[in-house]
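Notes to accompany the following structure.
Read-outs: derived from the displayed coordinates by stated rules, not from any lab. Small disclaimer: the values here were computed from a predicted structure and weren't measured. As a convention, Cβ positions derive from the backbone with ideal geometry for all residues, glycine included, and neighbour counts pool all protein chains shown.
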Amino acid sequence: MKMIVTATEAHHGTLRAAGHVYDCTLGPSGVRAEKREGDGVTPVGVYPLRAIWYRADRIPQPVSTLPLHGIEQDDGWCDAPADPSYNRPVKLPYRASAEKMWRDDAVYDLVVILGHNDDPPVPGKGSAIFLHIANQAFGPTEGCIGLRREDLLTLAALMTPASVIDIRTG
């Protein structure tokens with residue numbers, strides 16, 4: 001399956017896949033080819049889907065042929081460009097800056113890890129670009145792609161290791 005994300009305005013866009021069109025949220029700085037850590041940009045490009053992480057205490061195990069990982073309370077994602085674990089999962093507490101994957105809100109109840117800047121990670125080129133549940137206000141992400149929970153669950157069932165996401169400016 002190929003998913004195509006197209007920016008439509010500021011931090012909103014559409015995701016087309018499997019004959020359907022879904023509304024999505026994007027980073028507050030829009031969609032651009034140049035990505036830097038912390039810039040709020042959703043990066044243009046074609047990215048593989050690495051794995052699905054999910055909160056087993058909040059949703060049932062997703063149906064997917066992608067690798068599945070139940071998020072634990074000490075899971076994090078390193079976003080410190082100078083750290084050797086930059087743009088990699090880590091266990092918290094961690095010696096450098098790392099994003100918490102176990103969140104109080106529902107945004108990371110279901111997360112698809114995108115293969116952005118990970119093979120190998122280049123310090124400062126951006127970390128933790130995910131496809132995840134949009135916040136309640138359907139507001140901007142930090143640079144990820146946010147979908148309504150039911151839409152992401154539907155798509156997760158169609159995702160395979162050969163699936164890609166193609167992020168475009170418009």
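Region 1-55 and region 93-130 have their alpha-carbon centroids 15 Å apart. Projected label points at Ile59 and Arg148, each 7 Å from Cα along the beta carbon direction, are separated by 1.4 nanometres. Restricting attention to region 2-168, lysine pairs at least eight places apart or on different chains and with alpha-carbon atoms under 23 angstrom apart total 6. Note on Val164 and Val21: the extension gain reaches 49.9 nm, defined as 0.36 nm multiplied by sequence separation minus the Cα-Cα distance.
Helices in the chain, meaning DSSP H runs of at least 4 residues, each add -39500 (n - 2.57). Divided by all residues, the mean residue ellipticity at 222 nm is -1500 deg cm²/dmol.
Under a GNM of the chain (C-alpha, springs under 10 Å), which listed residue has the highest mean-square fluctuation: Gly70, Gly146, Gly126? Judging by the Gaussian network model, the answer is Gly70. Of all DSSP bridge pairs formed entirely within region 2-168, close to 70 percent run antiparallel.
Length gained on full extension, Met1 to Ala137: 46.1 nm, using 0.36 nm per residue less the C-alpha separation. Ranking Ile145, Gln73, Thr160 by Cα position along the charge dipole of the chain, where only Lys, Arg, Asp and Glu carry charges on their C-beta atoms, puts Thr160 farthest toward the positive end. Ranking of Leu92, Leu26 by neighbouring Cβ atoms within 10 Å, starting from the fewest: Leu92, Leu26.
For Ala157 and Asp105, a Förster radius of 25 Å and the Cβ-Cβ distance give a FRET efficiency of 0.60, rounded to the nearest 0.05.
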